[in-house]
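The values are calculated or read from the model by the stated rules, or taken from the named source; none is laboratory data. On a predicted model such as this, the values are computed, not experimentally measured, just so you know. A quick note on method: Cβ atoms are made from the backbone with ideal geometry, for glycine too, and the neighbour counts reach across all protein chains shown.
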Amino acid sequence: MRILKCLLLLLIVSSCNNKKESESSQTAKQVEETAPEIAATDLEVYDFNGFQKFLQKKDDKIYVVNFWATWCAPCVKEMPYFEKLSQEYKDKDVEVLFVSLDFPHLYESKLIPFVKDKNIQSKVVALNDVDMNTWIPKVDENWSGSIPATIIYKNDVSKFYEKSFTYEALENELKQFLQ
Amino acid sequence: MKTIKILASLTLVVVMSAFTINKVVVADGYKIGDVAADFKLMNVDGKMVSLSDYKDAKGYIVTFTCNTCPYAVGYEDRIIALNNKYASLGYPVIAIMPNNTDVQPGDSMDKMKERAKSKGFTFPYLLDKDQTVYPKYGATKTPHVFILQKTSQGNVVKYIGAIDDNYQDASKVKTKYVENAVDALLKGQEVPEKETKAIGCTIKV
């Protein structure tokens, strides 16, 4: 239902452009006809309330949650390190989640093609919630709002980073959670 | 006795280091109430601009922004509108482009000139060429606004944060943080919301 709602929003947002409007209507229609799983395989879109569960899992796994966007060059640069980390530590119960902050009207034209082209293996979700002043401090009170930003957490222990990573630096941070 | 003393100091060391580790390193920069330093930066018209050039100003809407960040671009029209509304009331917009132009060539002075011309910027658009101004302010991203009020003590920081609460659609904005802040200052009142958060593009170093 939320996904449908977000698609509707996407439709409204892109309605300023006539050409896009017809494209989006088609997409929305397709999704409606073919049930939610199509949309789910393409992209999960959440507002912050819906997204919050990804920061609150308590299943003894280590979650590496990276906030990024296709337009953010330093984010795109570090993504392969997260992918590598996910591969290398697959057996250690480490899961990487990419949280896209791309503009909703660019999901179809930029975000989804990017994820496919780069063959991103880790889970990608989109966070679409304009009331940033409310949700940014809930992610971390010290986050000024620049991206890339990353949270690593395991159950109740978490650490927040408002910075770019090299693979080594990222691995070092992860190791603190492995001990 | 000596053992106890050693133990006590050890405990102290442990407690202190624990505190240091837990304490998240907060980026240096201005806090609300700090006096902001003036600067002298080149504008897109080739002239050098300082805050002190604005003799009649009551304060300033210092806005770190750039050509290349989609969030900053999304706010351009609203930044122009802010200047059009508040410059004549004594709060001009002073826009500063903080990125390293070697890393982000789309933000070079030439590109800034093009952008200022095509958008019809009514405010100075300054290049922080040596990247010394934005760290002093503590700007971390574009767009990032600092509202200063001119007082006898200097230019006091009264607001830090976002322009409003909807980066996607200006027509759906519920709270205009910057306008509310300047309106309050013009009436001699406290700024209702002094700090806000928003997603933005990291300043390129």
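Things to note:
- None of A:Leu170, A:Leu127, A:Leu106 is under 24 Å from B:Cys201 (Cα atoms) and in contact with a strand residue (DSSP E or B) (Cβ under 6 Å, 6 or more places away or on another chain) except A:Leu127.
- Close Cβ contacts (under 9 Å, 6 or more residues apart or on different chains) running from residues in the range B:157-180 that are in contact (Cβ under 8 Å) with a residue 24 or more places away in the chain and among the hydrophobic types (A, V, I, L, M, F, W, C) to residues that are part of a strand (DSSP E or B) and surrounded by fewer than 17 Cβ atoms within 10 Å (Cβ to Cβ) comprise B:Val157/B:Val35; B:Ile160/B:Glu195.
- Within the range B:46-104, the set of residues being assigned to a strand (DSSP E or B) and within 14 Å of chain A (Cβ to nearest Cβ) comprises just one member, B:Phe64.
- Residue check for A:Glu88: modelled with pLDDT of 95 or more and either out of contact with any Cys (no Cβ under 9 Å at 6 or more places or on another chain) or surrounded by fewer than 16 Cβ atoms within 10 Å (Cβ to Cβ) (or both): yes
- Residue list for the range B:173-205, filter: away from every other protein chain (no Cβ under 14 Å), farther than 15 Å from B:Thr63 by Cα and not in a loop (DSSP other than H, G, I, E, B): B:Asp183, B:Ala184, B:Leu185, B:Leu186
- Filter pass, B:Gln149 being surrounded by fewer than 15 Cβ atoms within 10 Å (Cβ to Cβ) and of a type in the set (S, T, N, Q): no
- If you check A:Asn119, A:Asn172 for being on the phi > 0 side of the Ramachandran plot and either free of Cβ contacts under 8 Å to residues at least 40 places away in the same chain or surrounded by fewer than 20 Cβ atoms within 10 Å (Cβ to Cβ) (or both), only one passes: A:Asn119.
- Enumeration of residues in the range B:145-172 that are facing chain A (nearest Cβ under 9 Å), in a loop (DSSP other than H, G, I, E, B) and closer than 18 Å to A:Ile136 by Cβ: B:Ala162, B:Asp165, B:Asn166, B:Tyr167, B:Gln168
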